[in-house]
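One structure is given here, and the rest of the page talks about it.
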Amino acid sequence: MHAWLPWVILVVCCAVWGMPEFKKLLNNLFSSMTFATTLLGSPFAGTLSLPVWDMPALHNLVQRMPPVAPVNAKPEAARFTINWLSAAGTGVFFAALLSGLVLKLDARQWKQAFIQTMHRMKIPVLVIGQVLGLGFLTRYAGTDAVLGLAFTGAGVLYPFFAAYLGWLGVFLTGSDTASNALFGSLQRITAEQLNLNPILIVATNSTGGVMGKMIDAQSIMVACAACYDDPKERSHALGPIFRTVFWYSISGAALIGMIAMLQAYVFPGMIPVPPAGK
């Protein structure tokens, strides 16, 4: 039970940080803190709203055209809202600190855990930043719109293939978040062109991506690192694990695709309809 406590704390913190009311509370707290720094000369002081940063040479300079967007649609905003207090990563960081206190780590263990975490995360953080940056690049360059229009050729079968698009994104990037950043806008555009519910199709991108999680290299490496102490045994286990779970991954994505087809055409009332103008 003691060994599972960090995971329990992490799940609880992620659930709490995902609550809209708690996010609003943290944002209001951060806004108050920002306003209080007026005397310190903060560049964001003097307002109770969250500080934002407009991307130079990009903000409101990209204009989408029909059929992707309605006539005279607003230019694409490129603004970074500084909401670090309510960000999901802050909840994970708080869970790590709380776990260390619960496990009663001494000063040496705190130092070792911090150094190991920084060492292990330096490459993943860089890759995550690059993938998310690529997602924004495809959006502002219009690549998502071009691909979204191209995928309309799938017609009525698109809800099924939407699951495999999410599956492919996670298989390539190793992250459902990165897959959503890369293909989320594309999926929405295709759904709108085919008169499908965009909420369903974007959700299918995410759920289909979960089925790709079991075969991406990152997940298999984490599993091998957790189960095998011997590096040679760990490396030899990669291939057998991949071959074993591959067909389960393919079948799972197909199941998600069939569920999406049913929700798109047979049970459309199961999915909420997006508000007008959203």
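Okay, here's what the table says:
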{"item": "Given charges at beta-carbon only (K, R positive; D, E negative), |dipole| of the chain in Debye", "result": "280 debye"}
{"item": "Selected from Val11, Val146, Val131 as most flexible by GNM, with the chain as the system and alpha-carbon contacts under 10 Å", "result": "Val11"}
{"item": "Amide H contacts under 5 Å for Val52, placed H, 5+ residues apart", "result": "Ile82"}
{"item": "Projected-area average for the stretch 48-189 over all orientations - Cα convex hull basis, square nanometres", "result": "12.5 nm²"}
{"item": "Radius ratio Rg over Rh of the stretch 143-278, counting only Cα atoms, Kirkwood formula for Rh", "result": "1.08"}
{"item": "At q = 0.21, 0.33 Å⁻¹, base-10 log of I(q)/I(0) for the stretch 231-272 (Debye sum, equal scatterers on each alpha carbon)", "result": "-0.70, -0.98"}
{"item": "Label-point separation in nm, Phe246 to Leu5, each point 7 Å along Cα→Cβ", "result": "4.3 nm"}
{"item": "Gain on full stretching of the segment that runs from Phe114 to Leu98 - 0.36 nm per residue minus C-alpha separation", "result": "4.4 nm"}
{"item": "The chain: proportion of alpha-carbon pairs further apart than 24 angstrom, %", "result": "64 percent"}
{"item": "Under 24 Å from the Cα of Lys111 - lysines, other chains or at least 8 residues apart", "result": "Lys122"}
{"item": "Inter-probe distance in nm under a simple model that places probes 7 Å from Cα toward Cβ, at Ala107 and Met258", "result": "6.2 nm"}
{"item": "Length released on extending from Cys14 to Ala225, taking residue separation times 0.36 nm less the Cα-Cα span", "result": "73.5 nm"}
{"item": "For the chain, accessible area per residue (1.4 Å probe, heavy atoms of protein chains only), Å²", "result": "63 Å²"}
{"item": "Label-to-label distance, nm, for residues given as Lys24 and Leu172 (7 Å Cα→Cβ offset)", "result": "3.9 nm"}
{"item": "Binned Cα-Cα distances of the stretch 199-276, short to long, each 5 Å bin given as a whole percent", "result": "3, 14, 20, 15, 12, 10, 9, 7, 5, 3, 1, 0"}
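The values are calculated or read from the model by the stated rules, or taken from the named source; none is laboratory data. Keep in mind it's a predicted model, so treat the numbers as computed, not measured. Here Cβ is always computed from backbone atoms with ideal geometry, including for glycine, and neighbour counts include all displayed protein chains. SASA here: full protein model, heavy atoms, side chains in, ligands and nucleic acids out. Shrake-Rupley method; radii C 1.70, N 1.55, O 1.52, S 1.80 Å.
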